[in-house]
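The values are calculated or read from the model by the stated rules, or taken from the named source; none is laboratory data. If you're wondering where the values come from, they're calculated on a predicted model, not measured in any experiment. Heads up, the Cβs are rebuilt from the backbone with ideal geometry, glycines too, and the neighbour counts pull from every protein chain shown. What goes into the accessible areas is simple: the full protein's heavy atoms, side chains included, and nothing from ligands, DNA or RNA. Shrake-Rupley method; radii C 1.70, N 1.55, O 1.52, S 1.80 Å.
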Amino acid sequence: MFWYVMQSRLNMTLQPWESMGRDERAALKRAEEAERAFRASKGYEPDTLWYRLKKKFRK
């Protein structure tokens, strides 16, 4: 239990870009693009802020 509390505090103090190198950021970007392409190929709805807002206000 103590470890999870400490880990969450460490995660709050570090900014995401501080702990990642250039290669890690590039890999993360490629993974996001691959996930977006996979979701599009399966016909899933886009998972973007603007799409979610538009969908929410249509109801």
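Legend: residues Arg36, Arg25, sorted from most to least accessible area (1.4 Å probe; ligands, DNA and RNA excluded), read Arg36, Arg25. Here Ser19 sits with roughly 80 square angstrom of accessible surface, probe radius 1.4 Å.
Taking 7 Å steps out from each Cα toward its Cβ at Ala40 and Leu53 produces label points 2.2 nm apart.
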